[in-house]
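Worksheet: the structure to be examined is printed underneath.
The values are calculated or read from the model by the stated rules, or taken from the named source; none is laboratory data. Note that the structure is predicted; figures quoted are calculated from it, not measured. Backbone-built Cβ (ideal geometry, glycine too); neighbour counts: all protein chains shown. Accessible surface is based on the protein model in full, side chains and every heavy atom, while ligands, DNA and RNA are left aside. Shrake-Rupley method; radii C 1.70, N 1.55, O 1.52, S 1.80 Å.
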Amino acid sequence: MTSGAGDTTTSGSGDIRRSLELLWGGGEPPSRGPKRGLTLDAVVTAAIELADAEGFDAVSMRRLSTRLNIGTMSLYRYVPGKAELLDLMLDRVQGLPPGTPETPDDWRDGVEALARGHLALYRRHPWLLKVNQSRSVLGPGALRALEAALAALRGMGLGDEETLSVIIAVQAFTLGIARMEIQATEAARETGVSDEEFWNRQEPVLSRAMGSGEFPMMAELSEDTFSKEFDHFGFGLRALVRGFEARVAEVRAERGGPGGGG
């Protein structure tokens, strides 16, 4: 009944056939299931809520069955194990519901929407940072999200490989910002030491190091260099867009079209 020795923090590590059946509607348990009114959708929702509240490590078939007021063995009637459950959770939180989303007129707006959407996603579901998604099991939600991203970037006029690379670059940048932000919050919560207190404890040693002459570039940095007020996300996003604009202009020039990034 379980999915075997798959790593439950890695997507696609369980029974891929069963995950695909459940994602695409071929694996819903029979109507005479173990608990009247309970659906696979409700199981996935409960798992996401548990992960959001306590982290993905807290999600187990036993904890989930308690949350749903169902026997653990009965829960396996809905989903084979935690590995397959993870595939369903990822498609739900990262995908799009049915219906065609509005496509922005300007691809720059598409890039910004993609970046801000991913940052918001990690803030809502920080447990995503702990999941290895190098092998994603593609369900309808994930495909709708990718379809929407491709449509938003179509105006760039890039080739397929470069368009995909734009999506990868934006997602990788956003992941880095999200990881920095969320891990700082987690460190303060887990240690009970605020960021301010943590850096104040190092100040005497760092002051001596800066006065030693060994680190002249760092010693010349202004006091507000590491201020939390600076919008690193906004700055990096604008830089990415400028770089994409340059590439779009190159491609249009090569094709003999009008220049610029419009």
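Determine the shape class of region 112-262: with a ≥ b ≥ c the square roots of the Cα gyration tensor eigenvalues, call it rounded for a/c under 1.5, and otherwise prolate if a/b is greater than b/c, oblate otherwise.
Oblate, because a/c is 1.5 or more while a/b does not exceed b/c.
Contact order normalised by length for the chain, with contacts defined as Cα pairs under 8 Å and 6 or more residues apart; what percent is it?
For the chain, the relative contact order is 20 percent.
Near the amide H of Thr10, under 5 Å away, which other amide H atoms are found, from residues 5 or more places off or on another chain, if H is placed in the peptide plane?
Long-range HN contacts for Thr10: Asn132.
Once you've got the GNM for the chain with C-alpha springs shorter than 10 Å, pick whichever of Lys228, Lys130, Lys82 has the biggest mean-square fluctuation.
Comparing Lys228, Lys130, Lys82 in the GNM, the peak value goes to Lys228.
Rounded to the nearest whole Å², what accessible area per residue is found for the chain with the 1.4 Å probe?
In whole numbers, the chain has 60 Å² accessible per residue.
Under a GNM of the chain (C-alpha, springs under 10 Å), which listed residue has the highest mean-square fluctuation: Gly213, Gly25, Gly81?
Looking only at Gly213, Gly25, Gly81, the largest GNM fluctuation is found for Gly213.
Let me see the P(r) profile for region 61-169: every Cα-Cα distance counted, bins of 5 Å, each bin given as a percent of all pairs.
With a bin width of 5 Å, the distribution comes to 2, 10, 17, 20, 17, 13, 7, 5, 5, 2, 1.
So what is the relative contact order of region 129-262, in percent, for Cα pairs below 8 Å that sit 6 or more residues apart?
26 percent.
What FRET efficiency comes out for the pair Val251/Asn132, r = Cβ-Cβ distance, R0 = 22 Å, nearest 0.05?
The pair Val251/Asn132 has a calculated efficiency of 0.05.
Would you please give the FRET efficiency between Glu203 and Glu21, computed as 1/(1 + (r/R0)^6) with r the Cβ-Cβ distance and R0 = 45 Å, to the nearest 0.05?
Approximately 0.20, to the nearest 0.05.
Could you check which residue among Pro104, Pro140, Pro216 shows the biggest mean-square fluctuation in a GNM of the chain with a 10 Å Cα cutoff?
Comparing Pro104, Pro140, Pro216 in a Gaussian network model of the chain, the most mobile one is Pro216.
From the phi of every residue in region 141-158, what ³J(HN,Hα) in whole Hz does the Karplus formula 6.51 cos²θ - 1.76 cosθ + 1.60 yield, where θ is phi - 60° and glycine or proline is x?
Calculated HN-Hα couplings, in order: x, 5, 5, 5, 5, 5, 4, 5, 5, 4, 5, 5, 9, 4, x, 5, x, 7 Hz.
Assuming 0.36 nm per residue, please report the length gained on full extension of the stretch Asn69 to Lys228 beyond their Cα-Cα distance.
So the extension gain works out to 52.8 nm.
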